[in-house]
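Trainee: My questions all concern the structure below.
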Amino acid sequence: MEKRTSLFENGLIWFGAAVSIAEILTGTYLAPLGFGKGMLAVLTGHLIGCTMLFLAGYIGGNVRKSAMETVKMSFGQKGSLLFSMLNVLQLAGWTAIMIYDGALAADSILSTGKWVWCLVIGGLILVWILIGIQNLGRVNTVAMAALFLLTIILSFVIFREGSGAGISDEGMTFGAGVELSVAMPLSWLPLISDYTREAREPAKATFVSALVYGLVSCWMYGIGLGAAIFTGESDIAQIMVKAGLGIAGLLIIVFSTVTTTFLDAYSAGISSESICSRISGKWVAVGAAVIGTAGAVFLPLTDITDFLYLIGSVFAPMIAIQIADFFILKRDVSAENVYVRNLVIWAIGFVCYRMLMRVDMITGNTLPDMVITILLCIAADKIGGSKEKSS
């Protein structure tokens, strides 16, 4: 009988996803807003992003399909291949970026060479993959307990430093801050169903996953934001060094990188199975980890803001169409080869997102783009007539 994950195990998975150096670093970008306004942007962005994360995870958990398998319900068997390939690429990219950031930070604490830390982190990710998502319970419990305690210590070190008065808000608008906060939960949209489909209670597991991820991700953003404002330091590794965390700081960096990046590599394997059923997802995940490690060693992967916006422009309209089809139109076109209407709507949504990036809106541009895309789906259905309905 297939083993199902518990609510606790799902919560641990998404706690590990949220505790990451990349999230802390993204939080530092919001420092020009000041702490109060910056945290309001973080909370607003995560409310938007995690609501979408819940809806995406609920779809996959409800029908017991992986994220890219659920895409077939809106775009058809062949129409979904575009998103599966883009998802594999973005996940391999995330794997490289996360290992790169983790290795740089680790090397700042214990200088042995960035490439050595890339290999250490990449090796541990391989161990996580080979253990498998369904057998990680005890390993994750120990790792998450340690990370939880160490992150509390880090938070105390940062926020005891004093006031952030005098921070200028030049160079960052509130809307841009919201969009940077939406970007992280949005980056998990194309893979949350890979985990909720395995849950014993998919609806509850999806809620727990989105809630835990949202709360912990806000915490990580807050650490980065507080670090930049209260300590005047955006390099989290240097903050740990100055705080005397030493080995404890090193453990935070290494294991937070592993527990987050493992999900990217693992889901790259699952997405590849949607491209070709004969592919072994586990070994593609291993390949993604190896390629990501090599990329981290040889490529300069510094500013990820453009990468985050690219992910948003691709996957925000995609999930908007899925939300419209599943929750509003009750439509399933997975029996079709290519559902052209939704591909056209997605292309319009993609262009709208890129255009909205030039407009400063208090909500950011992801939410307006998704609303526009959903309304286009409903209008197209009314004009063109409904296709096959799911039973």
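Trainee: Quick one: angle between helix 305-323 and the longest Cα principal axis of the chain, in degrees between 0 and 90, rounded to 10, please.
Mentor: For helix 305-323, the angle is close to 30 degrees.
Trainee: Just to confirm the number: angle between the C-alpha axis of helix 7-18 and the first principal axis of the chain, 0 to 90 degrees, nearest 10?
Mentor: Between helix and principal axis, roughly 60 degrees.
Trainee: Sticking with this structure for a sec: Round to a whole angstrom and tell me the spacing of the C-alpha centers of the range 1-39 and the range 299-364.
Mentor: Value for the Cα centre distance between the two parts: 22 Å.
Trainee: Here's another thing I want to ask about it. Can you check what the net charge comes to around SER187, using other residues whose Cβ is under 11 Å from the Cβ of SER187 (Lys, Arg +1; Asp, Glu -1)?
Mentor: It works out to a net charge of -2.
Trainee: Sort the following peptides by mean Cβ neighbour count (other Cβ atoms within 10 Å, averaged over residues), highest first: 179-188, 373-382.
Mentor: Listed from highest to lowest mean packing, they are 179-188, 373-382.
Trainee: Please list 290-299, 211-220 highest first by mean number of surrounding beta-carbon atoms within 10 Å per residue. Don't jump to the answer; show the numbers that get you there.
Mentor: Values: 290-299: 18.9, 211-220: 21.4.
Put in order of decreasing packing, that is 211-220, 290-299.
Trainee: LEU104: net charge of surrounding residues, Cβ under 12 Å, Lys/Arg +1, Asp/Glu -1, itself excluded?
Mentor: After counting each charged neighbour, the total is -2.
Trainee: What value, in deg cm²/dmol to 500, does the helix sum -39500 (n - 2.57) over DSSP H runs of n ≥ 4 give at 222 nm once divided by the residues of the chain?
Mentor: After summing the helix terms and dividing by the residues of the chain, the value is -24000 deg cm²/dmol.
Trainee: Using per-residue counts of other Cβ atoms within 10 Å, averaged over each peptide, order 80-93, 340-353, 50-63, 249-262 from highest down.
Mentor: 249-262, 50-63, 80-93, 340-353
Trainee: For the chain, give the magnitude of the charge dipole about the Cα centre (Cβ charges: +1 Lys/Arg, -1 Asp/Glu; no others), in debye to the nearest 20.
Mentor: Numbers: 24 positive and 26 negative charges, 219 e Å.
Charge dipole, the chain, about its Cα centre: 1060 debye, nearest 20.
Trainee: Amide H neighbours of ALA199 under 5 Å, at least 5 residues apart or on other chains, H built in the peptide plane: list them.
Mentor: The list, which skips near neighbours in sequence, is THR5.
Trainee: If you take every residue apart from GLY60 with its C-beta less than 12 Å away from the C-beta of GLY60, what net charge results, scoring Lys and Arg +1 and Asp and Glu -1?
Mentor: Overall, the nearby charge balance is +1.
Trainee: Among the listed pairs LYS282/LYS382; LYS204/LYS382; LYS72/LYS204, which are separated by more than 31 Å between their Cα atoms?
Mentor: Details: LYS282/LYS382 42 Å; LYS204/LYS382 33 Å; LYS72/LYS204 24 Å.
From LYS282/LYS382; LYS204/LYS382; LYS72/LYS204, over 31 Å: LYS282/LYS382; LYS204/LYS382.
Values quoted throughout were computed directly from the atomic coordinates according to the rules given, and no laboratory measurement underlies them. All values reported here derive from a predicted model rather than from experimental measurement. In this analysis, Cβ positions are derived from the backbone assuming ideal geometry, glycine residues included, and neighbour counts consider all displayed protein chains.
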